[in-house]
Amino acid sequence: MIDLSKYDAYLIVDEAGIAITNDAPEQIKTELKGINAAYFRMYGEALVNVERYLME
């Protein structure tokens, strides 16, 4: 299980999955992209839709 609670302020969960908000700092985006890449290598699917940025 992956704990994303550190990133709660920058994630939106909806019917399309988990997305990163537009206002997320670049460092957070970079960390989430790294987590997503590792998850993809392990499970063959994305954890976070890193290409879809949403505004709150």
(request) Output the residues belonging to the range 1-24 that are assigned to a loop (DSSP other than H, G, I, E, B) and out of contact with any helix residue (DSSP H, G or I) (no Cβ under 6 Å at 6 or more places or on another chain). (result) M1, I2, D3, L4, E15, A16, N22, D23
(request) Go through N36, N22 for me and flag whichever is closer than 15 Å to E51 by Cβ and touching a Leu at 6+ places or on another chain (Cβ under 6 Å). (result) N36
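Every number in this text was worked out from the coordinates using simple rules, so none of it is lab data. Not measured: the values here are computed from a predicted model. Neighbour counts run over all protein chains shown; Cβ positions are idealised from the backbone, glycine included.
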